[in-house]
Amino acid sequence: MSRRSGILEFAVLGLLRESPMHGYELRKRLNTSLGVFRAFSYGTLYPCLKTLVANGWLIEEPGSTPEEALAAPLAGRRAKIVYRLTAEGKEHFEQLLSQTGPDAYEDETFAARFAFFGQTSRDVRMRVLEGRRSRLEERLEKMSASLARTRERLDDYTLELQRHGMESVEREVRWLNELIESERAGRDLTGPASGEPASRDTTSGASGALPRPGDDSRPDAPDDTAT
């Protein structure tokens, strides 16, 4: 499994842990909540969903309500498929949440992990944040050394671009320092200070809190159906 497909499965399981969703709603949440998924398509999402169903982590249900399921045949279309997390899927997601290896804080995966910090225990959050900070501090050292070696050979625009890149990394390190300090002080961004995962407020953007689905200003797409 590629890292990108792995983090997509992680994000899908995390969103469905909140509530069952049909494919279009799920794609909308992924688009608006996690930048790494802004460009992905139904052609990426549905194979992922089928894999999760085959693994026993999700089940498919026709229609979100009995009325909707009955109305679909009358309208000449199939009912929407709603995806629901199984007990095995919840257990698997909790295992993924507990992982703190390098994959948890790489560029491609950190944003998705951070988005679900509200469901993550404090000790795991600390290890992921500290791992991310260490990785960026190493990157800063390499960038600084490279800039020192090549400064005289760079034109002003290339030099400014490299400085901009370093400033971006430095800002993230400062942000991580603030988060780590808050965690050590027992201050939780999304809930009470405790070692247990905090409940998530899905009405605001921030760590562990995803935007409202309605925040997406794109026109509604046609209803998704079973494929």
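Look at T190 and say whether it is under 23 Å from T109 (Cα atoms), modelled with pLDDT under 85 and open to solvent by less than 40 Å² (accessible area, probe 1.4 Å).
Yes: the conditions hold for T190.
Can you confirm whether the stretch 36-46 contains a residue that is under 24 Å from S98 (Cβ atoms), among the aliphatic types (A, V, I, L, M) and either open to solvent by less than 40 Å² (accessible area, probe 1.4 Å) or modelled with pLDDT under 90 (or both)?
yes
Considering Q95, Q99, which residue is outside any helix (DSSP H, G or I) and under 26 Å from the mean Cα position of the chain (by Cα)?
Of Q95, Q99, the one residue that is outside any helix (DSSP H, G or I) and under 26 Å from the mean Cα position of the chain (by Cα) is Q99.
Is at least one residue of the stretch 57-67 modelled with pLDDT of 95 or more and either closer than 18 Å to S5 by Cα or part of a helix (DSSP H, G or I) (or both)?
Yes, that holds for at least one residue.
Of the residues R174, R149, R133, R163, which single one is modelled with pLDDT of 95 or more, assigned to a helix (DSSP H, G or I) and loosely packed, with under 15 Cβ neighbours inside 10 Å?
Every option except R174 fails the conditions.
The values are calculated or read from the model by the stated rules, or taken from the named source; none is laboratory data. Predicted model, so just to flag it, every value in this text is computed and none were measured. Cβ sites come from the backbone with ideal geometry, for glycine too, and all protein chains shown count toward neighbours. Ligands, DNA and RNA are stripped out before the accessible areas are found, and what is left, the full protein with its side chains, is counted by its heavy atoms. Shrake-Rupley method; radii C 1.70, N 1.55, O 1.52, S 1.80 Å.
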